[in-house]
Amino acid sequence: MRTSFLVAAALLSTLPACFQFEVTAQAAYAQMAVSGDIGYTSGSGAAVAQDVESALGLGDDQGVPYGRIALDTGVPVIAVSGFAMEDSGTGVLSANFGDVGGILANTPVRSDLELANAKISYAFDISLGPVSLQPGIAANYFDMTVEVADLIGIATETVELKAPLPLGFVRAEIDLGIVSAVGEVGYMSIDVEDVETSFLDLEALLMVHPTPLLNVFVGYRSMELEGEGDIDGDSFDTDLKISGFMVGGGLRF
């Protein structure tokens, strides 16, 4: 009995040396904006990409809350980040949009965009002194709705994207004590039958640690979705980018 107790005590005494468990929770204020092109038609020929700023009236910076949690278990590192935003405005279509007989080119429209996004990653920590390289996998979930209506209230068209996007993923970290930096890249590309789609997700944080438990940071997030093709009679041609800067702080415990 005494021998078993001594063995267990010896194992427990070595556990902190080989096991690390840290949680970092961060919150930020972000200025996010959408840019690029979107084209959509249904049963009326090929879609024509239109500038989201001039045609749909979107693209102004939106102040949004941004959250991020990272769980470091020693080798696997799990991180979740996300935000939600809304945008609206008026523009003039440069091409037809939506179903046959929907909204015609040169029509003044009002557009409303709602977007919620969450990214979760699972990576393996390879430490090289102050540098950590973390390859792994990630999933980026989009819940985006764009509603476009002519200003006289005759026609309304809606485009929705609700899907998890699997990503190849890598994270790099540099820890210099009071200052540290994190960079993440996720990417996917799909070419199936009549659809071609690619997605690039970039996230970067520069952090200052006034104390071992407290951090303040500035960061940047960029997501670019490109796609074109035909699905069940719907034709789309899209190159959308959602990006912006953030500033915030967090705790590590």
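For segment 29-177, the C-alpha radius of gyration divided by 2.2 N^0.38 Å, with N the number of residues, is 1.36.
Per-residue ellipticity at 222 nm, computed for the chain from helices alone with -39500 (n - 2.57) per DSSP H run of at least four residues, works out to -2500 deg cm²/dmol.
For residue 42, the residues 5 or more places off, or on other chains, whose built amide H falls under 5 Å of its own are 98, 99, 100, 235. If R0 equals 25 Å, the separation of the Cβ atoms of residue 23 and residue 61 corresponds to a calculated FRET efficiency of about 0.20. Counting 0.36 nm for each residue step from residue 247 to residue 204 and taking away their Cα separation leaves a gain of 14.3 nm. Once divided by 2.2 N^0.38 Å, the Cα radius of gyration of the chain becomes 1.28. Taking other C-beta atoms within 10 angstrom as a stand-in for reagent exposure, 99, 37 fall in the order 99, 37, fewest first. Compared with the dominant principal axis of the Cα atoms in the chain, helix 2-18 is inclined by about 50°. Label separation (residue 214 vs residue 179): 2.0 nm, computed from points 7 Å beyond Cα along the C-beta direction. With the simple spin-label model, which puts each label point 7 Å out from Cα in the Cβ direction, the residue 194 to residue 105 separation comes to 2.2 nm.
Every number in this text was worked out from the coordinates using simple rules, so none of it is lab data. Just so it is clear, the structure is predicted and the values come from calculations on it, not from any experiment. Glycine gets a Cβ as well: all are built from the backbone with ideal geometry, and neighbour counts include every protein chain shown.
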